[in-house]
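Let me begin by presenting the structure, written as structure tokens, before commenting on it.
Just so it is clear, none of the values below were taken in a lab; they were calculated from the coordinates. Nothing here was measured: the structure is a model prediction, and the numbers come from that model. No Cβ is skipped: glycine too gets one built from the backbone with ideal geometry, and neighbour counts run over all protein chains shown.
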Amino acid sequence: MSENIESVLTEKRVFEPSEETARAARIKQADLDAMYGKAESDHAGFWADLARSELHWQKAFSEVLDDSEAPFFRWFADGELNVSENCIDRHLEDRGDKPAIVFEGEEGDTATYTFRDVHREVCLFANALKAKGVEMGDRVVIYMPMIPQAVFAMQACARIGAIHSVVFGGFSADALRDRINDCEAKAVITADGGTRGGKVQPTKKGVDDAIAGGCKTVSTVFVYQRAGNEVNMTDGRDVWWHEAVADQPAECEPARIPAEHPLYLLYTSGSTGKPKGIQHSTAGYLLNAVVTCKWVFDLRDDDVFWCTADVGWVTGHTYVAFGPMACGVTQVMYEGAPTIPDGGRIWRLTQNHGVTVFYTAPTAIRALMKLGDDFPNSCDLSKLRILGTVGEPINPEAWMWYYQVIGGERCPIVDTWWQTETGAHMISPLPGVTPLKPGSCTRPLPGIAADVVDEEGHSITEPDQGGYLVIKKPWPSMLRTIWGDPQRYKDTYWPKFDGKYYLAGDSARKDADGYFWIMGRIDDVVNVSGHRLGTMEVESALVAHEQVAEAAVVGIPHEVKGEGIFAFVVLKGERPEGGYDEKLVKELIQWVGKQIGPIAKPEDIRFADNLPKTRSGKIMRRLLRNVAQGKEVEGDTSTLENPAIIEQLQGRS
Ligand code: WT7
């Protein structure tokens, strides 16, 4: 057992769903028990039943799960369906005039698209793609701001069977070029620019720079006019969106797409090496997107859903572009920074659009929490009924703030654990059923065989012993492969346990109630005197201190202990002069010692204005390890949101 990852944090609070929530929720305790029972006794059959009832098929499937070439699993493979038809056409009769997307720009401009409007926009653009020779199976890169047309572009690709790959609009031209070339995209869809933080981000220029560096496969660049900034149009290659759709018919038959045909690729940066093109399927992916929207967000016809994620991340795929659309709900979309013109923007948007279900990331919650309670308190947030989080473990401090100040102690928080690779929620509370514990993503969803195992792959039955988070059975929305690199797919996700379990790369523990607690990435584990500690728990303890806003810890070599803990801390107030404050460092070290125990005491602490994060808000601990060890920063930094922070951390500014 000593090899296992030790848990040092205990959180004892439990929040039961209110009677009202329990009564109103779609899935009740008895339903959940029945679902677990069915999934347990007939895993494939459980998913097959859902696939039949939740999706609209053009051709019914007869095969359910094909595992003959594991770990290359296939689901519902002989069926045919169209994702765009499932998301749009099937609502036209009952909900044609219902708003599908309510959009607000940073400057306050708004636009509403009904399902009928979306149908029209998607058909027009799908026809424009076809007119430029884009066919089933071709790859199309989408590099756009967070505007409805990004969703239309994704849906249009899905409609004709083109495989889209969204590249986050904030990524550099180099990052864009790598991705275009890796998937050999035939077309790129972009906008002149988008607005964020009061500035125009020139996305079209990014595409020009990317292609100038060599992208031989791209024959067409579609440009949506959004920001009105000046752009260069290359003759024969570039075409304005509005011109491309001008002569197109407003109807486009949804193509018959085989269930296993790739719906999209989404590049995710590995900790080393080049980005991986995570390949998702058509039917299986959509199935989990739909059922998790219903189970976890309990989405209903009268809900107004707002997921703040950009379409550049998987969250913006599953819970903006596909899941909510397939469920026929109204959703809010916002282009712009969360604090423009001030820290109340998000809460005013929530109030003004009557948001009922709100989904965001812990990093955003902490950032908003830092701005104080006055902003949310001055808004009417009473329509909210469910709050969600995703992306990293939410520290109990932030959880409590979200629960009390935003949710008025009325809204359950669904802490959803999943990954780009899993396609949809895997471990999460259900709002009307699951008692909540701040910081825990609670229990696996029905049909998701998640577990925590030791080095040999044995299930860890002793409570609170950390180990590897694995998924023991295939599930419909799992990634199918890494585009163009099946070997890397096998090596990355199936390297241990005889290739039988999907390795998530996270460490986790289960408590005595079977609740899952994510402890961090396996690569980030720090080994102090033979005790393997997940980074998350130490960080959470630091953040519980009243002066600390954010924290990241990494291992540094230590003569006696093997590894020691080094912490980077962002304070709620000003950064101390020169990034150091001896008194506060001592105080925080003692604090962690008291919260967790002497074993977890940091050796030293540095203060910074910010932490190096990816654009999706993940702390790049790899860079911090270099800094803490006084080394030059190595490896890929192209996805870093705030490159200048490295200089500060190294004490150079
Ligand atoms: C990694 C996946 C899934 C969409 C956004 C991120 C961490 C994600 C949680 C959570 C603890 C979480 C894990 C996971 N993570 N959700 N609720 N609690 N950790 O997608 O970029 O593919 O990252 O994010 O470490 O492996 P991603």
Over the stretch 216-316, calculate the relative contact order: mean separation of alpha carbon pairs under 8 Å at least 6 apart, over the residue count, as a percent.
16 percent
Would you calculate, for the chain, the mean residue ellipticity at 222 nm contributed by helices, counting each DSSP H stretch of 4 or more residues as -39,500 (n - 2.57) and dividing by all residues, to the nearest 500?
-8000 deg cm²/dmol
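Can you give me the Kirkwood hydrodynamic radius for the stretch 543-653, using every pair of distinct Cα atoms, in Å to one decimal? Display every interim value, and only then the final one.
Working: mean 1/r = 0.0695 Å⁻¹.
Result for the stretch 543-653, one decimal place: 14.4 Å.
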Normalising by the residue count of the stretch 101-155, find the relative contact order in percent from Cα pairs under 8 Å and 6+ residues apart.
35 percent
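Quick one: if the Förster radius is 25 Å, what FRET efficiency do Glu243 and Asp97 give, using the C-beta to C-beta distance and rounding to 0.05? Spell out each step's value before the answer.
On the way: r = 29 Å, r/R0 = 1.14.
Efficiency computed from Cβ-Cβ geometry: 0.30.
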Binning at 5 angstrom from zero up to the longest distance, how are the C-alpha pair distances of the stretch 343-493 distributed in percent?
2, 9, 15, 18, 16, 14, 10, 8, 6, 3, 0
How long are the semi-axes of the equivalent ellipsoid of the stretch 315-385, defined as square roots of 5 times the Cα gyration tensor eigenvalues? Whole Å, largest first.
22, 14, 11
What nm value, rounded to one decimal, do you get for the distance between Ala337 and Lys274 when each label is placed 7 Å out toward the C-beta?
3.4 nm
Need one number: nm distance between label points at Arg410 and Lys132, each 7 Å from Cα along Cα→Cβ, rounded to one decimal.
4.7 nm
Dimensionless Rg/Rh of the chain - Kirkwood Rh, Rg from C-alpha atoms:
0.95
Hey, rough spin-label estimate for Asp42 and Thr110, points 7 angstrom out along Cα→Cβ, what's it come to in nanometres?
4.8 nm
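Would you list Lys572, Lys583, Lys490 from fewest to most Cβ contacts within 10 Å? Can you show the working numbers first?
Values: Lys572 13, Lys583 8, Lys490 16.
Result, fewest neighbours first: Lys583, Lys572, Lys490.
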Taking the alpha-carbon distance from Lys490 and a cut-off under 21 Å, which lysines remain once sequence neighbours fewer than 8 residues away in the same chain are dropped?
Lys274, Lys276, Lys472, Lys473, Lys500
Length gained if Ser378 through Lys496 is fully extended, taking 0.36 nm per residue and subtracting the Cα-Cα distance, is 37.3 nm
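Which FRET efficiency, nearest 0.05, do Gln58 and Asn232 yield, Cβ-Cβ r, R0 45 Å?
Numbers: r = 42 Å, r/R0 = 0.93.
With a Förster radius of 45 Å, E is 0.60.
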Contact order normalised by length for the chain, with contacts defined as Cα pairs under 8 Å and 6 or more residues apart; what percent is it?
14 percent
Per residue, the convex hull enclosing the Cα atoms of the stretch 440-565 spans a volume in Å³ of 155 Å³
For the stretch 188-336, what number results from the quotient of the Cα radius of gyration and 2.2 N^0.38 Å?
1.22
